[in-house]
Amino acid sequence: MIGPLRVERRLDTPKWLKVVVPLASLVLAAIIVGILLLATGHNPLSTYHQMYSAAITADGALSSTLVYATPLLFTGLCAAFAFRMRTWNIGGEGQLYMGAVGASATGLVLGDWPRPLVIIAMVIGGALAGMLWAEIPALLRAYLRTNEILTSLMLNYVAGFFMYYLIYDSDSYWRDLTTPGASVFPTGKTLGSHANWPGITIGSFTLPLGFVIGAALAVGLLLLIRSTRYGFEMRVMGDSPQAANYSGIRTKRKILSVMAISGGVAGVAGSSQIGDFGHVLDPRGLQQAQYGYTGIVVAALALYNPIAVVLVSLFIGGLTNAGFALEGPSFPTGLVGTMEGIILFTVLGGEILARYRISWQRRHVVAVGTGVAS
Amino acid sequence: MLDAGDGRAALAAPAVLASDLPAGAVGRVPKALAVQAIEMTKRFPGVVANDHVSFDAAEGEVHALLGENGAGKTTLCNLLMGLYRPDDGRLIIGGKPVRFHSPRDAQGSGIFMVHQHLRLVESMTVAENVVLGSSSPRQLRFSPRAVERTVAEAAERFQMSVDPRARIWQLSLGERQRVEILKALCRGARILILDEPTTVLTPQEADQLFSSVRDMAAAGRTVIFISHKLPEVLAVADRVTILRNGHSVTTLPTAGTDADDLAGLMVGREVSLEAVAKVTHEAGPAVLELAGVWARGDLGTEALKDITLEVRAGEILGIAGVSGNGQRELAEVITGLRPTTRGMIKIGGARLPTGDPRGAIDLGIAYVPEDRMGTGIAPNLSIAENLMLKSYRAKTMRSGPVLSSRKAIANAREMIERFDVRAPGPRTLIRQLSGGNIQKVLLARELSSQPRVLVAASPTRGLDVGATQYVRRVLRDTATSGVAVVMISEDLDEVFELSDRIAVFYNGRVVGTLKASEADRQQIGLMMAGAA
């Protein structure tokens, strides 16, 4: 007889599931989105083809996918690294803003210095600004035991308003006051040509320097976590803070340094936004993009593995790129957003469900002869 | 405040007490069955916690459930209490089949449980705690005096003296336990489940509890007594049901059996309960010295008051005391996990920095903590990783700047071999091991650092008989090899068996230090209660 459904937590997840589940989730997402498309009068197959071509095959498609993937790679690493130690840095967004502020200041100050020096200085400037911003919730967490989720999240808004203030509400160093109409349409100063990061161009395809830096960081962070004392301490802390303290790990310093690295990586996302793409501090553009928050999704999908973050950032970058390409009179932004939401929801849901096993419970269990009768 | 005058009939519970105790109507003749558990089964992911478990208990019987940790005692009780629902099997209470959906249903059938961790409101009086949670829709008003009288009557009836007007925080743990029992009785308990009730008691308090339990049985109540301690089961129970690996092995009358038989049934093979041999030897120089140490507890109150102790190389200093009298704080102060507020600790003459675990490790202090799973290990890391939890900083575990997993695995294999850890391999997650094997890994790690001082807190709690014997032997051998060992245990038998000297803790102070060979249980029991 078949009884009610029974859901149990898996004791361990077999390897094949880790491959099959994401693929199955994508197929399921395609089916659900297909129904949605049919209901709104679109042909699913041609829409999928259009998305595929816009993200990968069309002329310049891969390059623009990389434009979206690059910041997500950094913010994904920022979240994945901190989350490894169960330090929930939700502040990648704000740390990215501060990184952009720091990197643009560095680029503006150095001006005509040799290009490699300017680029290195911008990376460092952005990283330092992101680090300092991340140290605020880190210090509060380490010494006052506040919840870093709340403090780092709230600081995102502070950083956002700070950027606004620099460009719109003050005569700051970052604001361009020279051009006519600058008082009506405030903008930031455009950085000099030495602050433009070179991409690696192969035919029509351009690989931004930021993505290369991000990929290198991913490898570095993976090695740090996997095979150093530092990473070992992180794993112990993440599993049991009491055990970490007991084994002589300086837990407070650990929180400060992990948050610094995490915030620094997000800060470089800001540097890359200025150096690779914007060349100007643009508060509105950065805030609308929400790379910091999307980075958390990237980290979750990558199961906090830095190398997987590289792949997932490309996937989500491609999805975003395809979404923008679809938008038009017959394809409203809301529909694109809904499609993207369904895809992310299914993939992430699949990851979580894979940790459970579902079975039908038999109503009458046949006694197996294990009992010792008295 | 509430009016005391008009509440005479207000509380429903007192009536139960008065009516169901016809004086002298109880003898020890066979009676109706109060509880019948038939083929109860409860599964959890990966385990069958109760596999067709059966037992029954008559009215007026004290029935012990005996088994090692993990044998299924707690699951069985949670089934009886309605906290879990059985996957299979039946429960019959007073001849009627029942199906509980919540503890409230169980209480409606007269089943009450006194948990190991007491559940009382500290700022309220005894009487208020007794009324708390008893639900009778008609009574909106509470008459303190009537309740106080009922509590006092019950207390006298069952020899459990406690002042009904005292506030809980003023009471000792033993007294608080009495309040829990009285609460159950006043609310109409017919069947009372006591879960490991003696862990918080001094030997005298335990004896007192046993006599109260016998009184309750004589008054027709059924007492289900959960324990893993053989002598107390033999002392208090009429019959005993032995659980092993989720099965009910057998039910026996306690008359005509002995501790060795029960231990054999509990473990599933013949065991001898012989004590670890104590070798008389000369203790060396003092290695660990505490002078006038004070420290605060988790709540900011003084948990250690002016502790002065010394432990010599080659001896075991046993720390006896009822749980919560400063023993945990003592261990944490010595191991650097808790800062001292005054006083000085010296290791081999060198001053121990306060509140610095790494400093303590570097001075040669090893620690087997009471909270094995939470503090002693990182449960989701492998055996090899847990074994290097304190040595990963050393050059021997590295090749260049990188941690060498080859060296970690080799080190783990050696430890697994030497300490007889039963595990599939060094890469197995440590949480998948049994409690005994986890404790072996912990000991292996702590002792491999060549410590000068070993602090072991409740080192055998929750372990099976075999692992307990093993751990005790290792502790003894460690002392013999010249380490100063501090062993904290709530199990007085263990303290007597292993220690060279015994320090008794009460209320954050050392009330006395005695040679184990000259101490007697009676005297130590009184000291544990603060009476000597």
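The values are calculated or read from the model by the stated rules, or taken from the named source; none is laboratory data. Note that this is a predicted model, so its numbers are computed, not measured. Virtual Cβ from ideal backbone geometry, glycine too; neighbours counted across all protein chains shown.
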Turns out the helices (runs of 4 or more DSSP H) fully within the stretch A:226-272 with at least 1 residues that are within 23 Å of the chain's Cα centre (by Cα) and surrounded by 23 or more Cβ atoms within 10 Å (Cβ to Cβ) are A:229-239, A:251-272
Would you please list the contacts, defined by Cβ atoms under 7 Å and residues six or more apart or on different chains, that run from a residue in the stretch A:315-333 that is β-branched (Val, Ile, Thr) to a residue that is assigned to a loop (DSSP other than H, G, I, E, B)?
-> A:333/A:327
How many residues are surrounded by fewer than 19 Cβ atoms within 10 Å (Cβ to Cβ), modelled with pLDDT of 85 or more and in a helix (DSSP H, G or I) when one looks only at the stretch B:123-154?
-> 3
Evaluate the following for residue A:222: is it within 14 Å of another protein chain (Cβ to nearest Cβ), in contact with a Pro (Cβ under 9 Å, 6 or more places away or on another chain) and either within 30 Å of residue A:79 (Cα to Cα) or not in a helix (DSSP H, G or I) (or both)?
-> yes
Wholly enclosed helices (runs of 4 or more DSSP H) of the stretch B:323-426 bearing at least 3 residues under 30 Å from residue A:220 (Cα atoms) and within 14 Å of chain A (Cβ to nearest Cβ) | B:383-387, B:405-418
Closer than 30 Å to residue B:492 by Cβ, in contact (Cβ under 8 Å) with a residue 40 or more places away in the chain and out of contact with any Gly (no Cβ under 7 Å at 6 or more places or on another chain) - does that describe any residue in the stretch B:143-151?
-> no
Single residue of the stretch B:222-253 satisfying the filter (within 14 Å of another protein chain (Cβ to nearest Cβ) and assigned to a loop (DSSP other than H, G, I, E, B)) that is surrounded by the fewest Cβ atoms within 10 Å (Cβ to Cβ) | B:245
State yes or no: is residue B:223 modelled with pLDDT of 90 or more, in contact with a His (Cβ under 8 Å, 6 or more places away or on another chain) and farther than 17 Å from residue B:59 by Cβ?
-> no
If you go through A:285, A:275, the only one that is buried (at least 24 other Cβ atoms within 10 Å of the Cβ), part of a helix (DSSP H, G or I) and more than 14 Å from chain B (Cβ to nearest Cβ) is A:275
Within the group B:173, B:91, B:120, which residue is outside the structural domain of residue B:490 (by TED's automatic domain parsing), crowded, with 16+ Cβ neighbours inside 10 Å and closer than 16 Å to residue B:35 by Cβ?
-> B:91
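Results for (1) part of a loop (DSSP other than H, G, I, E, B); (2) in the same structural domain as residue B:304 (by TED's automatic domain parsing); (3) free of Cβ contacts under 8 Å to residues at least 40 places away in the same chain, shown as yes or no for each residue.
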{"site": "B:459", "(1), (2), (3)": "yes, yes, no"}
{"site": "B:471", "(1), (2), (3)": "no, yes, yes"}
{"site": "B:510", "(1), (2), (3)": "no, yes, no"}
{"site": "B:513", "(1), (2), (3)": "no, yes, no"}
{"site": "B:522", "(1), (2), (3)": "no, yes, no"}
{"site": "B:525", "(1), (2), (3)": "no, yes, no"}
Failed criterion for residue A:82 (all others in (1) at pLDDT below 95; (2) of a type in the set (A, V, I, L, M); (3) touching a Ser or Thr at 6+ places or on another chain (Cβ under 9 Å) hold) | (1)
Unique match (being of a type outside the set (Asp, Glu), at pLDDT below 95 and touching a Leu at 6+ places or on another chain (Cβ under 6 Å)) among A:313, A:227, A:240, A:330 = A:227
Boolean, residue A:167 is at pLDDT below 95, outside any loop (DSSP other than H, G, I, E, B) and surrounded by 18 or more Cβ atoms within 10 Å (Cβ to Cβ) = yes
Could you tell me whether the stretch B:488-503 includes any residue that is within 14 Å of another protein chain (Cβ to nearest Cβ), in contact (Cβ under 8 Å) with a residue 24 or more places away in the chain, touching an Asp or Glu at 6+ places or on another chain (Cβ under 8 Å) and crowded, with 21+ Cβ neighbours inside 10 Å?
-> no
Of the conditions (1) without any contact (Cβ under 8 Å) to a residue 40 or more places away in the chain; (2) over 26 Å from residue B:380 (Cβ atoms), residue A:280 clears all except one; give me its number.
-> (1)
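Here is a yes/no grid of residues against (1) touching a helix residue (DSSP H, G or I) at 6+ places or on another chain (Cβ under 9 Å); (2) part of a helix (DSSP H, G or I); (3) more than 20 Å from residue A:277 (Cβ to Cβ):
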residue	(1), (2), (3)
A:107	yes, yes, no
A:120	no, yes, no
A:124	yes, yes, no
A:132	yes, yes, yes
A:138	yes, yes, yes
A:141	yes, yes, yes
A:146	yes, no, yes
A:150	yes, yes, yes
A:155	yes, yes, yes
